[in-house]
Structure formats: C-alpha cells, structure tokens
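Asks: Mind looking over this structure? Questions follow.
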Amino acid sequence: MSRTIPGSETVTVEVAPGVPITAAVLGTGPAVVLLHGFPQTHLMWRHVAPALAADHTVICPDLRGYGASGKPAESGPDTYAKRTMAADIVALAAALGHERFALAGHDRGALVAFRAGLDHPGTVTHLLSLDVLPTLDMWDVLHGADARVAFHLYLMAQPPGFPERMISAVADDFFASFIDGWGADDRAIPADVRAEYLRASREAVPSIVADYRASAGIDLEHDRTDRAAGRTLDMPVTVIQQDWGAALGYDAAGLWGRWATDLEHRTLDAGHFMAESAPEEITEAIRALLRR
C-alpha cells in the first residue's frame, strides 16, 4: 500500500495506453505541479505541498515507472525518455482541468520538468529545478575520479539485464546508500518515510533503471538537438542546487544560463533532499518564482 500526503485526494489518470499516472492533489486555485526525484515518490513533497495548497491546486504525481504509477516494460528508447515522461505530466494536468501550470521538479523530476519546459512552452508558466544539471551538461562535467559520485549513472546506463540483476540482488542496500548518503539532516527523512522509499524503489527496479538508461541515450540526443537549434526556456526559471560546481570544477549558473533566458540561480547548503530538509525555503522559492 503506497503512502501519500495527508489531506490529499488520490487521482489516477491513464495518460497513454496502459500507463496510469497516480497523483496526490490538494487545494484550489492556479495549478502547481511538483515532480519527485530518486529514490523517492511524490511523498517527498509532504511538507511543501500543503503549504502551497493554501492558494493553489497542487498536483504531486508519481512519475512513470515510480511509486503507484504505471511501470510499462521498456520497449524502446522512447518508453522512459524525458520527452515521454513530460508528456505524461501535461496530459495529467489537462485531464484535471489545467491547460497551463507552474512546474517544480527535484532530481529526476527536475529533468522531466526541464524537458516539459522546452517541449511545452505554452503550457509551463514557471519552472523550478532542484539539484540537477540538464542531461547534456551533466554528462559533460563528469570527469575522472570525481565522477565516482555519480557511479549509479554509469551502472544504469548499461544494456538491459545486467544492471537490473545487480541492483535487484541488493535493492535495499543500493537505494538506502543514496537516501542515507545524500542528505544533510538525518531527521529530514524519518524511518517510516525511508521505508516507503525503499519499498517503492525495490518494486520498481526495471523501470528506474530504464529511466536512467534513457538519460545516457535518447535524452542526451534530445538535449543536443535543442542546443544545436538554440532552443531555450523562456519562462521564469529558478534553479537551486548544492554547490556541485565548486566541488567538481564547473560554473553551474553559467551552464544553466545557456538554457534559461530569465534565470535565478543559487546554491543551498541543505543536502540533496532539500525539499525535505529545508521545506520552508523551497516553499518560499516557489512562491517567489510565481511572483515573477
């Protein structure tokens, strides 16, 4: 049984044949869609969503392949392309009566949000990204021994079969290593929430791997095509990250500035799971973005 955000309504929409997306919905007003990261579910927004719901309709889906949403078998590179996953979110919001919405994403959800902003500029009004670089830039900045921090990207980029078997053999240890190792505050993800993330991830190994595999293939191709065409995010964009640029030797704000014409970029010392360790700051960042 999946856990959800207290006080929310659970809705399920079939956004593509055989692909149901399940979401927690709270509040009324202009829509804000919140997309979770890895290895989490929509439950990561349990603090932020109720605060925003005071004056917004807040939609918190489980991404395709995660949590309570559909997990179609990987049948080709498009199955878990961020372009496909972004289309899921646009279809979900439309089915709930929202043709335009603000969009915030963390980690994997931020990559889906980035793609939604590029592919659906008339739909996404504002965009918030938490603690990632766009796929093209992410691969470009990983070099040498420093790239070991992203070992999982390389593991899950391998052809189907091998990484799934390896991860499934030690699933709880694998996913717990990120939950326990990437946070700045052990209290931010309490034991019951940690257990929910582990359960949900353990039950979704093939689709999680397929999501990551797409980022070493078709997602990279889509970003390269857009970069060559000069496509940009022209809605207001806020990016909040840990100071990975200083750690790995790149200009994070400069990289994001090539994609976003109206950018606010800042770093936050709250660990990777910042919506859980610093929810008030993230809530205010979303509200400030919506005022731009």
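The values are calculated or read from the model by the stated rules, or taken from the named source; none is laboratory data. Worth saying up front: this structure is predicted, and the values here are computed from it rather than measured. Here the Cβ is made from the backbone with ideal geometry for all residues, glycine too, and neighbour counts use every protein chain on show. For the accessible areas, the whole protein counts, side chains as well, though only heavy atoms, and no ligand, DNA or RNA atoms are used. Shrake-Rupley method; radii C 1.70, N 1.55, O 1.52, S 1.80 Å.
Asks: Every residue in the range 70-94 that is open to solvent by less than 50 Å² (accessible area, probe 1.4 Å), touching a residue at least 60 places away in the same chain (Cβ under 8 Å) and in a loop (DSSP other than H, G, I, E, B), please.
Replies: 72, 79, 80, 81
Asks: Does residue 244 meet the test of being among the hydrophobic types (A, V, I, L, M, F, W, C) and under 27 Å from residue 79 (Cα atoms)?
Replies: no
Asks: Does any residue of the range 132-147 turn out to be in a loop (DSSP other than H, G, I, E, B) and either more than 24 Å from residue 275 (Cα to Cα) or aromatic (Phe, Trp, Tyr) (or both)?
Replies: Yes, the range 132-147 contains a residue that is in a loop (DSSP other than H, G, I, E, B) and either more than 24 Å from residue 275 (Cα to Cα) or aromatic (Phe, Trp, Tyr) (or both).
Asks: I would also like to ask the following. Going through 64, 115, 100 one at a time, which residue ends up being open to solvent by 10 Å² or more (accessible area, probe 1.4 Å) and under 14 Å from the mean Cα position of the chain (by Cα)?
Replies: Unique residue meeting the criteria: 64.
Asks: Let me ask another. If we keep just the residues of the range 191-246 that are farther than 17 Å from residue 86 by Cβ, outside any helix (DSSP H, G or I) and touching a residue at least 40 places away in the same chain (Cβ under 8 Å), which is farthest from the chain's Cα centre (by Cα)?
Replies: Among those that are farther than 17 Å from residue 86 by Cβ, outside any helix (DSSP H, G or I) and touching a residue at least 40 places away in the same chain (Cβ under 8 Å), it is 236.
Asks: Could I ask something else about it? What tally of residues in the range 238-255 results from selecting those that are open to solvent by less than 50 Å² (accessible area, probe 1.4 Å) and within 27 Å of residue 185 (Cα to Cα)?
Replies: Summing the residues that are open to solvent by less than 50 Å² (accessible area, probe 1.4 Å) and within 27 Å of residue 185 (Cα to Cα) in the range 238-255 gives 10.
Asks: Then there's this: Which residue is least open to solvent (accessible area, probe 1.4 Å), if the candidates are limited to the range 125-180 and must be among the small types (Gly, Ala, Ser) and in contact (Cβ under 8 Å) with a residue 40 or more places away in the chain?
Replies: The residue in question is 129.
Asks: Could you go through the range 4-13 and let me know if any residue there is open to solvent by less than 30 Å² (accessible area, probe 1.4 Å), at pLDDT below 95 and farther than 27 Å from residue 195 by Cβ.
Replies: Looking for residues that are open to solvent by less than 30 Å² (accessible area, probe 1.4 Å), at pLDDT below 95 and farther than 27 Å from residue 195 by Cβ, one finds none in the range 4-13, hence no.
Asks: Which condition from (1) open to solvent by less than 50 Å² (accessible area, probe 1.4 Å); (2) over 27 Å from residue 169 (Cβ atoms); (3) not basic (Lys, Arg) is the one that residue 210 breaks?
Replies: (2)
Asks: Here is a further query. Just to be sure before I move on: is residue 234 acidic (Asp, Glu), open to solvent by 40 Å² or more (accessible area, probe 1.4 Å) and at pLDDT below 95 in the structure I sent?
Replies: no
Asks: Let me ask another. Within the range 161-189, restricting attention to residues that are modelled with pLDDT of 95 or more and assigned to a loop (DSSP other than H, G, I, E, B), which residue is nearest to residue 246 (Cα to Cα)?
Replies: Top of the filtered list is 189.
Asks: Suppose we filter the range 259-280 for residues that are part of a helix (DSSP H, G or I) and over 18 Å from the mean Cα position of the chain (by Cα); how many remain?
Replies: Looking only at that region, the number is 1.
Asks: Here's a follow-up. If you check every pair at least six apart or on different chains, which have Cβ atoms under 7 Å apart with a residue in the range 247-272 that is of a type in the set (Asp, Glu) first and a residue that is assigned to a helix (DSSP H, G or I) and surrounded by 12 or more Cβ atoms within 10 Å (Cβ to Cβ) second?
Replies: Filtered contacts from the range 247-272: 251/245.
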